[in-house]
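To start, the structure itself, in structure tokens.
Values quoted throughout were computed directly from the atomic coordinates according to the rules given, and no laboratory measurement underlies them. None of the values given here were measured: they were computed from a predicted structure. Quick reminder, even Gly has a Cβ in these numbers, built from the backbone with ideal geometry, and neighbours come from all protein chains shown.
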Amino acid sequence: MDQNDVILEVSNLKQYFKMNRKFTVKAVDDVSFKVFRGETFGIVGESGSGKSTTGRSLIKLYEPTSGSVKFEGKELTGKMNDETKRLLRTKLQMIFQDPMASLNPRKTVMNIIAQGLDIHKLYNSAGEREEMVYQMLETVGLSREHAHRYPHEFSGGQRQRIGIARALIMSPSFVICDEAISALDVSIQAQVVNLLKKLQNERGLTYIFIAHDLSMVRYISNRIAVMHRGKIVEIGLSDDIYNNPVHPYTRALLSAVPHPNPHVERYRQRTYYDGKDVDYDLGSYHTINGQHMVLATDDEYKSWTAQ
Amino acid sequence: MKEKILDVKDLCVNFKTHNGNVQAIRGASFDLYKGETLAIVGESGSGKSVTTKVLMGILAKNGEIASGEALYKGVDLCKLTKKQFVAFRGKEIAMIFQDPMTSLNPTMTIGKQIKEAVLEHTKLKRHDAKLRTLELIELVGITNPEERYRQYPHQLSGGMRQRVVIAIALACEPKILIADEPTTALDVTIQSQILELIKSLQKQIGLSIIFITHDLGVVANMADRVAVMYAGKIIEYGTVEEIFMSPAQPYTWGLLASVPDMANKDIDLYSIPGAPPNLLYPPKGDAFALRSEYALKIDFEEEPPLFKITDTHYAATWLLDERAPKVEMPESLKKRAQAMAKEALAYGSK
């Protein structure tokens, strides 16, 4: 992981949703971060914190309200030229949470996986298209016979593999995994995570891994951003975040995760945080060490680090 | 010795489908003691939800109890007719489900929904029923009961909705509460609140709980005893310490090893190879043998019985037979158990 090789740079990204004349939801509010080539960047937070919206804005499922998203040096917000559009739609891919909801039930696996190829005309003959799909299926641990079946014929873990195959056939350099393993059984989760890691090593992929399962995020991520109410409240190396959390929200979130250790569970102390007395708009980012930063006012920073 | 409240013996359940008979449960036996929490863990399709459906008498129409019994207060729940079950459901055994939004009626206020359960099962008059409802709302930790009484499910957050569902389940003071993945749809912070609520209610009213989940962290938090299910059978059960510290069945090993271990981030997660067997044609012998690296020859021929390890710990694997070669639990798990013990010591001294 090279710190100077930034593949994605997000600065002051805002994504507002206007509900009516008086009320606007600030789903993502002034978020900035960088993702380096070849790393896994985790985003955690509870539902409604804006983590999924961030992922969706990056890939332009929404048009960001303001701010800039630079992918491989190209600006993605606003109007894009054809070349940038092509780059975005091939090199940046997304894997969704619920494989059943994100796969078209009336298409065969072959047509689902090849859809991106069809749109961008990335093959010369029907035979080549088929061969690419077969290869992709084998890469994700399915077999060629599966290509002519429909999504309902597969188990949850297999469906998620189809979702991964669909994303990877475009040979992307960057994949956003939005709760990609949350819907799966523990043993299947391990299979999919191992597959994602293997593909990362083979192809030098960069991941953004959005999840609420903090133990899995810690396992897979190099760096983690903790989001709350549309802001990144803490960001840093995953070990820093887990061993030395500074923001009270991060602490509360970590203390809520059950450990698979019955002895520890008996004594586990929860810390609580509702954040009503903290106004995130007043804070600025304070560096704790290296890449570990926390959103706080000067007074808050002093009292949090003193603890 | 604690009092046994529920005793399930050799339960077998088949589902008729147009492809044939799916043998969803193939001889499951377990018991539940008064005031304890029994966690049932296993992959999807292992039969854990079907087991609870039998206890609630809400088996799907194509399901059939082929054999076995479930004794509760001397009554065999498997033999009750639909009509007879009405007296048990809710009053003796109640259930909460995974997704609170789908188990609540969106067109009724939550007060009315809780009151409905109270009126149905008790002889309380209207006014008293309302008072009881307000009491229940308060019991599950919702503030301003009067105001919440008039609200609809969509006005509540996910955690609040699950609290309402729990209030409905507790309306008729059941003795057994079945919780089928009650926190899977919730955030971790809300999850820990709901788990704490369930635990405190258990202490307050002496509930016995059957807790179904696939999150081993939640199991460690909630359970007194754990039963591991695989392909329609309970393949290992014991106290929570025994299952986490000295598991004996290869499937349990695989399950525990697939939880991410923070100490060894660079190693691949262990994943159990293959897929669970198709229960249309259950395999001969040990159902896990095909996926297990520890399978013996006999595993493919004969089903292992439950071997006793301690008074509370049983496991179904031929590895425990005297004649089997001595196989120990994988090194990584051993290390993890040691790390767990160390961690526990560190915690205990705090």
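Report the relative contact order of region B:238-349, percent, no decimals, based on alpha-carbon pairs under 8 angstrom and at least 6 residues apart. Don't skip to the answer; put the middle values down first.
Details: 102 pairs, mean separation 29.8, N = 112.
27 percent.
Once the Cβ-Cβ distance between residue B:16 and residue A:60 is put in as r, and R0 is 45 Å, what FRET efficiency do you end up with, to the nearest 0.05? All intermediate terms of the calculation are to be shown ahead of the outcome.
On the way: r = 49 Å, r/R0 = 1.10.
So the FRET efficiency works out to roughly 0.35.
Any chance you could run the full-extension gain for residue A:123 through residue A:18? It's 0.36 nm times the residue separation minus the Cα-Cα distance, nm to one decimal.
Working: separation 105, 0.36 × 105 = 37.80 nm, distance 4.19 nm.
Between residue A:123 and residue A:18, full extension yields 33.6 nm more.
Put a dot 7 Å past each Cα toward the Cβ at residue B:83 and residue B:157; how far apart are the dots in nm?
Each label point is offset 7 Å from its Cα along the Cβ direction, giving 4.7 nm.
Calculate the length of the line joining the C-alpha centroid of region B:306-349 to that of region A:246-291, in whole Å.
Each part's Cα centre sits 33 Å from the other's.
Would you kindly derive the ³J(HN,Hα) couplings of region A:92-107 from the backbone phi angles with the Karplus curve 6.51 cos²θ - 1.76 cosθ + 1.60 (θ = phi - 60°), listing them in order in whole Hz, with x for Gly and Pro?
Each residue of region A:92-107 in turn: 10, 10, 9, 10, 9, 5, 9, x, 5, 7, 9, 10, 5, x, 9, 10 Hz.
First select every other residue whose beta carbon is under 13 angstrom from the beta carbon of residue B:300; then total the charges, Lys and Arg +1, Asp and Glu -1. It would help to have the intermediate numbers written out before the result.
Details: positive: B:284, B:291, B:297; negative: B:286, B:299, B:301, B:302, B:303.
Residues near residue B:300 contribute -2 overall.
Based on the Cβ-Cβ distance of residue B:322 and residue A:135, what FRET efficiency does E = 1/(1 + (r/R0)^6) give at R0 = 56 Å, to the nearest 0.05?
Numbers: r = 50 Å, r/R0 = 0.90.
E between residue B:322 and residue A:135, to the nearest 0.05, is 0.65.
Could you list B:321, B:224 in order of exposure, starting from the residue whose Cβ has the fewest other Cβ atoms within 10 Å?
Working: B:321 13, B:224 19.
Least crowded to most crowded, the residues run B:321, B:224.
Quick one: B:78, B:12, fewest Cβ neighbours within 10 Å first, how do they rank?
Values: B:78 21, B:12 17.
The order, fewest Cβ neighbours first, is B:12, B:78.
Given the rule -39500 (n - 2.57) for each run of at least 4 DSSP H residues, summed and divided by the residues of chain A, what is its mean residue ellipticity at 222 nm, to the nearest 500 deg cm²/dmol? Please report the intermediate quantities before stating the final value.
On the way: 12 runs with 115 residues, N = 307.
Per the formula, -11000 deg cm²/dmol.
Could you pull out every residue, at least 5 positions away or on a different chain, whose amide H is within less than 5 Å of the one on residue A:42? Hs are placed 1.01 Å off N in the peptide plane, and Pro or chain starts have none.
A:209, A:222, A:223, A:224, A:225
Roughly how far apart, in whole Å, are the Cα centres of region B:1-52 and region A:1-71?
46
In deg cm²/dmol and to the nearest 500, what is the mean residue ellipticity at 222 nm of chain B if only DSSP H runs of at least 4 residues count, each as -39500 (n - 2.57), divided by the residue total? Don't jump to the answer; show the numbers that get you there.
Values: 12 runs with 119 residues, N = 350.
Result for chain B, helices only: -10000 deg cm²/dmol.
Looking at region A:1-53, which chymotrypsin sites (Phe, Trp or Tyr not before Pro) are in a loop (DSSP not H, G, I, E or B) and have at most 15 other Cβ atoms within 10 Å? Provide the component values of the computation, followed by the final result.
Numbers: sites: A:16, A:17, A:23, A:33, A:36, A:41; in loops: A:23.
Qualifying residues, ordered by number: A:23.
Given R₀ = 51 Å, what would the calculated FRET efficiency be for residue B:173 paired with residue A:83, taking r from the Cβ atoms and rounding to 0.05? Display every interim value, and only then the final one.
Details: r = 69 Å, r/R0 = 1.35.
E(calc), rounded to 0.05, equals 0.15.
Among the lysines, which fall within straight-line cross-link reach of residue A:70, defined as a Cα-Cα distance under 16 Å, with same-chain neighbours fewer than 8 residues apart omitted?
Filter leaves A:14, A:34, A:60, A:79, A:85, A:91.
For the protein assembly as shown, count the residues as N, evaluate 2.2 N^0.38 Å, and divide the Cα radius of gyration by that value, please.
Details: Rg = 26.2 Å, N = 657, 2.2 N^0.38 = 25.9 Å.
Rg over 2.2 N^0.38 Å, computed on Cα atoms: 1.01.
May I ask you to evaluate 6.51 cos²θ - 1.76 cosθ + 1.60, the Karplus curve with θ = phi - 60°, for each residue of region B:294-304 and list the ³J(HN,Hα) values in order in whole Hz, giving x for glycine and proline?
Once θ is set to phi - 60°, the couplings for region B:294-304 become 9, 4, 9, 4, 5, 4, 8, 10, 10, 6, x Hz.
Taking amide H positions as placed in the peptide plane 1.01 Å from N, state which residues far from residue A:65 in sequence (5 or more) or on other chains have amide H under 5 Å from it.
Residues meeting the criterion, in which the H sits 1.01 Å from N, are A:14, A:15, A:16.
Quick one: Cα centre-to-centre distance for region B:144-189 and region B:222-261, in angstrom?
One Cα centre to the other: 29 Å.
Taking a quarter of the surface of the convex hull around the Cα atoms of chain A, what do you get in nm²?
Values: hull surface 72.9 nm².
Taking the Cα atoms of chain A, their convex hull projects to 18.2 nm² on average.
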